[in-house]
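Right, one structure below, let's go through it.
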Amino acid sequence: LHVEVQRLLITSSTTPCVKKKAALCLLRLVRTSPELIAGREFAPHIATLLQHRHLGVLTSTMSLLIGLATQHESEYESLIPYVVHILGMLVLKKACAREYLYYRTPSPWLQIKLLKFLQFYPQAISSSSLEAPEGNTQYVAQLHSIVNKVLTETDVSDSINKSNADHAVLFEAVNLIVIWGHAGPAQLRDGAMRLLGKFISVREPNIRYLGLMTMSRLAQLEGSAESVKKHQATVLVSLKDADISVRRRALDLLFVMCDTDNAERIVDELVSHLMVADAAIREEMVLKIAILAEKYATDLRWYVDTILKLISISGDFVSDSIWHRVAQIVTNHPQGDLQAYAAATLLVAASPRRCHETAVRVAAYILGEFGFLIAERPGMSGEDQFRILHQHWPTVGPATRAILISTYAKLANLYEECRPLVAPVFVGNKNCVDVEIQQRSAEYAAMREAFSPEAVEDLLREMPPFEDRRQSALEKRLREKEIADGAFGATMDRNVWISRNGKDGEEGARQNGHANDNFNSVDRGSGLHAVEEEQDEGAASSYDENDAPPNEEDIDPNTSNAMPQPGSPDVPVGIPKDVIPAMRKAFSNLCTSPSGVLFENQLLQVGLKHEYSGSQGRVSVFFGNLSGAVLTNFRCEVDECEHLRMQAQGTQGLLEEEGCSVAVRTQAKLLLLSEVTAPFDDAPAMRVTFEYQGQRHDYPLRLPIVATCFMEPVTLEPGAFMQRWKSLEGQERECQEVVKAPPTSAPIDEDCMSRIARIVTDGLKFGRCQGCDPTPWTVSGAATFRTGAKDMNGNNINVGCLVRVEANPQAGAYRVTTRTLHPICSRAVKNVAVVSIKLA
Amino acid sequence: MAIDFLLLISRQGKVRLAKYYVPYTRKEKARTEREVVSKVLARPRKMCNFIEYRDRRIIYKRYASLYFITCVSCDDNELITLEKIHHFVEVLDRYFGSVCELDI
């Protein structure tokens, strides 16, 4: 049917009335099914329509054009000159049919539509346009003069309606200036800012509202911060305006224009205003205040104070994420006296009988962690702390009680005098209705007798700083876990959970291979369950950045470095935790085999093929859509690394900003040509992002390009091998590791050894050196690592590598030793070898 | 970009005219009308004519005892919508010759 409509619209014989209706009808059609109109063909028709005399037709056409431009802006760029011409006629010359004069303003509606259309094309006025530069400059200049005239000549007049119409056009023009950003002339921006400054103190509330709103948009342009701050006082006054809409706008504007200098002042004002604000905007205000305070806090103590004030004024609106954030920040800053200050302030805050529940929670947590710092002060001893916290026990809810119980356990650990005070609490709550409380009480009570004193110390030690979690858990892993092996019966598993999750877990994460769930599982030890979830949400689980990826000893790096802001919307979906072990295995397999699947879930399968010759490699990656719907905005970014020169080509759009679309059961392809220039022991990272049914997905993956891929086997005589082997002796150039064979596999025998041999030759690409092994339980190999880097004579730099795998059948273990001229090389080869053996 | 609905209500809160340009179920309509009407009637004279409602804006204008309410999306120009309301009123006036609430 749309063909009919189009025809009616285009032919010149139809009356204007019909044309108008046809245009609007087409707009409706296009809104429901955007692919009806092929933009490029249709644009010239619109051009003819735009030259029509009749303003009604023009208005309808502009509506249609805006509708089309919202969908495909690039295709209608050629129409800009016409639009500017019409606008010029209306504004500059006021040449308009009499019926269309609205209170002596020529068709304000049309003017607005024209300006709105122009807002789609901010780049149009930049002088570096490609087509017809002369024509461009002409209409660019015209556009500037139009906007200038609108800015300067709009006046308040007697008729409120004319005034409104004129100001409507004015605000639209200012919006256009904002869109232009820095490409537009500076005096237009300054003029706009001045005008807005006038507007926000005008009596008319409408104008004030619009002034504040537009100013917050203008303030977001960089470089306008100075001019906005001049009006700061007025904005602060508007915050107390009678009109709620105006207050909201003022709040928004303050949020935008806040930065380090005026942050304290603004936040203090906001907090004092919070007391009188009504419920509707309180929550928003609380959130904004928290974000601002955190972002611009020069003194963290001020930040703690502010949050505490927030809690006391409107505690109901302070969500958990906010106080979790406070706890995180305090934990992460051991320097200075921030922690002591926080502990002291919170203790004082929790002292009065009636105090908000959130304050009790924060106080309990912080005191549990850092209470010992202030225990020497008068009135703040361990006993006092306990007393103050416990006075709230009858009035708080179960979640807070759970946190309190943990805190009591920590207090009891630190201060002897607290133990008799705390014990009855535990005993009393062992039969509590709430499962969480019951469990915690029971476990803490049992913990005293069950573990040795040092263990209890460790378990109840304070939480390590958040970003560094990875390292401290690593350290704990390396410790022996005899303590956990004690015969504690049923409580052992539970205690293991507590220790691992809450405090410095010293139980190694070899437990059930649940290393991956380390930070994921329910955190009993402290109330930071939600905090960890936030951390996990913020960064989809990713591999360690530092350690060599094939090394399975790495703990699951679920920590993120970017703390998400409280209330951050639209968190993308990352790699689900249960897929990670399979991913690791796939990755390790791919390091030693030429093709395979790197990653798979219900939506996406990533397959990989790689082949190498000398120092150059070709990697083809295939992204297959396994789901039932199209994956849009599919893009992948490969990180640059200094040791690999890479060139990437892929399916159209795959590597660009906008991404491409992968239809059902089709593949997007990526070809990477790489050349290695230096030895390396980690693998390049690749990030795959796409949208599926409106939900963003973000998967960080690693490409299995490791040092061994660039190896070329070398055959050496036994004598030569041993000579080289001895010559490379020396700590830095040798890497050694012992691998235990998995308990389920068969005992080491000839078959095993031949498998190992095959790993060395095919997987690691080393040449087997036959006669130099004294026993059948040793395999030796030699290879050269070819790089594309040139040395002084113009020859390629190569690194010689030697490897030996010795098997010990009685112990069921293998010892892998590598010696090369370059320590990183040794490490890299050793890692790949170790992993391959484990998976064999 | 377009008007979602248009309501005309009396000073006492009775809906005189309701024209919807997007599909709403009857329940939704009733709910929207209730909420919007209560918000608009609560505002004293001096306040500005724009209210934030969910993710859109409500723009209203009062003519004697009748409120003209429109709902537009957030990126629309508010003042021009106000003028559209006024234009509509003027047209009604011209067309029917000195119209008043009872006529509607």
Residue span A:Ala233 to A:Ser157: 0.36 nm per residue of separation minus Cα-Cα distance leaves a gain in nm of 24.6 nm
Counting Lys and Arg as +1 and Asp and Glu as -1 over every other residue whose Cβ sits under 15 Å from the Cβ of A:Gly223, the net charge comes to 0
Could you work out how far apart the two model spin labels at A:Asp261 and A:Ala47 are, taking each label as a point 7 Å from the Cα in the direction of the beta carbon, and quote it in nm?
-> 5.0 nm
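Could you please put A:Phe372, A:Phe785 in sequence from largest to smallest accessible area, using a 1.4 Å probe?
On the way: A:Phe372 85, A:Phe785 0 Å².
Of A:Phe372, A:Phe785, the descending order of accessible area is A:Phe372, A:Phe785.
Can you give me the Kirkwood hydrodynamic radius for the stretch A:578-670, using every pair of distinct Cα atoms, in Å to one decimal?
With all distinct Cα pairs of the stretch A:578-670 included, I get 14.3 Å.
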Once Lys and Arg get +1 and Asp and Glu get -1 on their Cβ, which of A:Ser227, A:Ala242, A:Val271 lies farthest toward the positive end of the dipole of the stretch A:212-298?
-> A:Ala242
At a 1.4 Å probe radius, carbon and sulfur cover how many percent of the accessible area of the stretch A:619-678?
-> 46 percent
For A:Glu637 the rounded accessible area (nearest 10 Å², probe 1.4 Å, non-protein molecules ignored) is 80 Å²
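Given +1 on the Cβ of Lys and Arg, -1 on the Cβ of Asp and Glu, and no further charges, what dipole in debye does chain B carry about its Cα centre, rounded to the nearest 20?
Charge dipole of chain B: 500 debye, to the nearest 20.
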Which length gain, in nm to one decimal place, applies between A:Ala141 and A:Glu222 when the Cα-Cα distance is subtracted from 0.36 nm times their residue separation?
-> 26.7 nm
A:Lys295 to A:Ser201: FRET efficiency via 1/(1 + (r/R0)^6), r the Cβ-Cβ distance, R0 45 Å, to the nearest 0.05?
-> 0.95
Taking all protein chains together and a probe of 1.4 Å, list A:Arg786, A:Arg203, A:Arg247 from the most accessible to the least accessible.
-> A:Arg203, A:Arg786, A:Arg247
Calculated FRET efficiency, A:Lys149 and B:Lys19, Cβ-Cβ r, R0 45 Å, to nearest 0.05?
-> 0.75
Sequence of A:Lys740, A:Lys20, B:Lys61 from largest to smallest accessible area, 1.4 Å probe = A:Lys740, A:Lys20, B:Lys61
For the stretch A:304-361, run through the trypsin sites (Lys or Arg not before Pro) and keep only the ones in DSSP coil with at most 11 other Cβ atoms within 10 Å of their Cβ.
-> A:Arg353, A:Arg354
Rounded to the nearest 0.05, what FRET efficiency is calculated for A:Lys726 and A:Glu642 with R0 set to 25 Å and r the Cβ-Cβ distance?
-> 0.15
What net charge is computed for the residues neighbouring B:Cys74, neighbours being all others with C-beta under 14 Å from the C-beta of B:Cys74, Lys and Arg scored +1, Asp and Glu -1?
-> 0
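Can you tell me the length gained on complete extension of the stretch A:Arg282 to A:Leu673, counting 0.36 nm per residue apart and subtracting the Cα distance?
Stretched out fully, the A:Arg282 to A:Leu673 stretch lengthens by 135.2 nm.
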Accessible area buried at the B-A interface, both sides summed, 1.4 Å probe (Å², nearest 100) | 2200 Å²
Considering every Cα-Cα pair within the stretch B:9-88, what fraction, in whole percent, is farther apart than 17 Å?
-> 45 percent
For a paramagnetic label modelled at 7 Å from the Cα of A:Arg354 toward its Cβ, which residues of the stretch A:295-317 fall within the zone defined by backbone nitrogen distances under 19 Å?
-> A:309-317
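The values are calculated or read from the model by the stated rules, or taken from the named source; none is laboratory data. Not measured: the values here are computed from a predicted model. Cβ coordinates were reconstructed from backbone atoms using ideal geometry, including for glycine residues, and neighbour counts include every protein chain displayed. Note: areas computed on protein heavy atoms with side chains; ligands, DNA, RNA excluded. Shrake-Rupley method; radii C 1.70, N 1.55, O 1.52, S 1.80 Å.
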